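Contents: one structure, followed by commentary.
The values are calculated or read from the model by the stated rules, or taken from the named source; none is laboratory data. All figures in this text were calculated on a predicted structure; none of them were measured in a lab. Counting neighbours? That spans all protein chains shown, and the Cβs are built from the backbone with ideal geometry, glycine included. Note: areas computed on protein heavy atoms with side chains; ligands, DNA, RNA excluded. Shrake-Rupley method; radii C 1.70, N 1.55, O 1.52, S 1.80 Å.
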Amino acid sequence: MTCGAISLAIATGPCHVRRESSASGRPRMLFNSTDYVVFLALVFIAFWALEPGASPFARRVIDSAARRERLLRAVRTTILLLASYLFYMSWNSVFILLIIGSTLVDYWIGLALGRTEGEGGRKALVALSLFINLGALGLFKYADFGLVASSQALSLFGVTWDPPLLHLILPVGISFYTFQTLSYTIDVYRRRLEPHRDLLEFAMYVAFFPQLVAGPIVRAKEFLWQFNEAPKLSIAGAQSGIYLILRGLVKKVAIADFLATRLIDRVFDNPGAFSTSEVWIAVFGYTWQLYGDFSGYTDVARGSARLFGFELPENFDRPFNSTGPIEFWRRWHITLSRWVQDYLYIPLGGSQKGPGRTYVNLFLSFFIIGVWHGAGWTFVVFGLWHATGVTLNRLYRAWKEARGGDPTPPEGGTRRVLLTLLSLSFFVVHWPMFRSPNLANMLDMYDQMWGTDWTPVRVDPWVWVAMVAIMVPHFAPEAWVKRAETALKELPWWGLGLLIVAVAALLLHLSAGQAAPFIYFQF
């Protein structure tokens, strides 16, 4: 959430609202910290210590096969649930009550929906879930923004009102787990999912620590069914999980954090101190910082979950290899765009009620995507920018089809390359809307970007190396990337050990003992 955007007044500087809720003043248990490595290892050992045949204790306590299966399932679920609560409480123990409250409310509503046949009663129950979950999200994330916006609107009519701002701390991850629990109650209401009767399992789904604070947004129908089978630890699965964790940490520390500290943060903090060319390089670099940071988090989340036998959905599919905004949103933050499509765009009528209604639905959907990221006018502009891009992309496709052409060019070829470059330019130029702390800073960035100060570039050469390092696998032929990843996942144990040591050494050298928070922790 951008605090400066809450002020609304372009000329004012940013106000500072605490983004993460940490009693110590800094978030703990970051994926790129030693704390998390130790935590993950301890939970991993505790989770698998009860594997039958691997522990004499387990063999003595769990006698019959049926009892062994039930008890193992309950104990392992409890271990992961407690670990998830401890993980979240490392920020601020008070906000664990929000997660527990949301869990109990939607668990009860799910059971009530299963018992209720009347449509009126079912609508009332799902409305209650929406009111409680969106009410909590609105209170913590949007209350001050709404109050100030109301004050500004009243001033247009000559009414002066100085609203009492709440200055509430934003609970980490509230946007993610709120959407998760809502997907459950809405799917149960639609009769697409049976109510889940095991409270431990449902609570673990809501709070599962790998994806708790920054996604991916996991729907109940994608996760709860995985409790039906006992998890199994295989060498291939463990290696795949470790590979994903290492890949994510390299993206985060060696690419995203490096680009941020060496160039991007300094430029966005004071764009007037840099030339036009340097500002453009910083904006282009932010493309890869954000991608490395967020996709890196997702990699670590998916790898961590895989170590416990759970699969989380993909959230990125080389998004800047897209030929337009429509394809981009099928590849970027996939779980958010699908959530908005299935629970907002389609219920509004989608594209089934005529062109005019279609574009209204698109703009409403992208407005929600924008403000989901933060309570500020920069995020409103961000959402409207993408709505405009998708609209123009749809019009281009319709025009192409009307002329008998293929709106989606095949792999390779000049037309695809040109459309990919045009699409990339569309996203590069808009990053000040997303990254700037307020409208004033955003306008300062654009003022410098469209300036005429083309003095020699003062950019660390290693910045270019970092960008090339993430761009090469992003744009390389997919078959090449998959072969390379398969080889890394199937390394012998000694090769995997060397890879772990090499990555650890690189990360320790680059991080200098400081673990930077992930960008999406603020949402």
Practice prompt. Report, by residue number, each residue of segment 153-174 that is surrounded by 14 or more Cβ atoms within 10 Å (Cβ to Cβ) and more than 22 Å from Tyr88 (Cβ to Cβ).
Written response: Pro163, Leu165
Fill in: Residues (crowded, with 21+ Cβ neighbours inside 10 Å and not in a helix (DSSP H, G or I)) located in segment 351-382
Gly374, Ala375, Gly376
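Conditions (1) in contact with a Pro (Cβ under 9 Å, 6 or more places away or on another chain); (2) among the polar types (S, T, N, Q), marked per residue:
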residue	(1), (2)
Phe426	yes, no
Arg435	no, no
Asn438	yes, yes
Met449	yes, no
Thr452	no, yes
Val463	no, no
Met467	no, no
Val472	no, no
Worksheet item: Does segment 484-493 contain at least one residue that is on the phi < 0 side of the Ramachandran plot, out of contact with any Pro (no Cβ under 9 Å at 6 or more places or on another chain) and modelled with pLDDT of 90 or more?
Response: no
Practice prompt. Can you run down the residue pairs with Cβ atoms below 7 Å, 6 or more apart or on separate chains, where the first is in segment 69-94 and over 28 Å from Asn32 (Cα atoms) and the partner is crowded, with 18+ Cβ neighbours inside 10 Å and of a type in the set (Val, Ile, Thr)?
Written response: Leu71/Ile62; Leu72/Ile62
Discussion item. Taking the conditions exactly as written (touching a residue at least 40 places away in the same chain (Cβ under 8 Å) and of a type in the set (S, T, N, Q)), does Thr455 satisfy them or not?
Written reply: yes
Worksheet item: Within segment 167-189, which residues are under 20 Å from Ser102 (Cβ atoms) and either without any contact (Cβ under 8 Å) to a residue 24 or more places away in the chain or in a loop (DSSP other than H, G, I, E, B) (or both)?
Response: Leu168, Ile169, Leu170, Pro171, Val172, Gly173
Item to complete: Look at segment 492-523 and say how many of its residues are crowded, with 16+ Cβ neighbours inside 10 Å and either without any contact (Cβ under 8 Å) to a residue 24 or more places away in the chain or assigned to a loop (DSSP other than H, G, I, E, B) (or both).
Response: 5
Worksheet item: Is it fair to say Pro437 is in contact with a Cys (Cβ under 9 Å, 6 or more places away or on another chain) and either assigned to a loop (DSSP other than H, G, I, E, B) or surrounded by 13 or more Cβ atoms within 10 Å (Cβ to Cβ) (or both)?
Response: yes
Discussion item. Take Met467 and tell me if it is touching a helix residue (DSSP H, G or I) at 6+ places or on another chain (Cβ under 7 Å), open to solvent by less than 10 Å² (accessible area, probe 1.4 Å) and farther than 15 Å from Gly272 by Cα.
Written reply: yes
